[in-house]
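Structure, as structure tokens:
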Amino acid sequence: MNEMICASALKEVSERRGEALLVDVRTPSVYAAGHVPGAINIPMEQVEARLEDLNPGSPIVLICQSGGRAQLTARLLEGRGKQVTVLDGGTSAWVKAGFPVVVNANTRWALERQVRLIAGLLVLIGTALALGVNRHWVYLAGSLAWG
């Protein structure tokens, strides 16, 4: 089990610049939509390739939306000489505690969200066409729903 830190304790740590490296492991677009001030973005998929960016001398606090992705990333870093802590509850807990987040003005939807929206629309269209035009359109909806 990884060490956890609550939002209020992280707020104190973040105010003392240089005491810990805050790493947000979410995708760049989600990071841009709102992140803890002072946190850098290294997506979970890139952490192993960017180990050199993680200073071995300072503690690392991993942050994600709710804590799950940060926990997985912490497991990746176990045994690599890194002192790792995870923000308990992630950015959601930070916001719930009333602390500010940094938001980039021009944010885009994450690719996963875009794909889900398009797939959902295609299922809806396929179902509507199957009910109103030809029952074979149900295969469009079915191929996306079970694919």
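Over the chain, the reciprocal of the mean inverse Cα-Cα separation, the Kirkwood hydrodynamic radius, stands at 17.3 Å.
With axes computed from alpha carbons, what is the tilt in degrees of helix 111-132 against the longest principal axis of the chain, rounded to the nearest 10 within 0 to 90? Between the helix axis and the principal axis of the chain, the angle is about 20 degrees. Put a plus charge on the Cβ of each Lys and Arg, a minus charge on the Cβ of each Asp and Glu, and nothing anywhere else: the dipole of region 3-96 about its Cα centre is then about 140 debye. A dipole drawn for the chain from +1 and -1 charges on Cβ atoms has a positive end, and of Val47, Gly68, Leu87 the residue lying farthest that way is Gly68. Ordering 79-89, 124-134, 20-30 by mean Cβ neighbour count within 10 Å, with the highest value first, yields 20-30, 79-89, 124-134. Taking the simple approach of a point 7 Å from Cα along Cα-to-Cβ for both Arg135 and Arg17, what is their distance in nm? Between Arg135 and Arg17, the label points sit 6.9 nm apart.
Using a cutoff of 8 angstrom between alpha carbon atoms and counting only pairs six or more residues apart, the relative contact order for the chain works out to 25 percent.
For the chain, DSSP calls about 10 percent of its internal beta bridges antiparallel.
Comparing mean-square fluctuations of Val103, Val47, Val115 from a GNM of the chain with C-alpha springs under 10 Å, the top value falls on Val115.
Since every read-out is calculated from the coordinates, none of them should be taken as a lab result. Remember, predicted model here, so these are calculated numbers, not experimental data. Because the Cβ atoms are built from the backbone with ideal geometry, glycine has one as well, and the counts that use them run over all protein chains shown.
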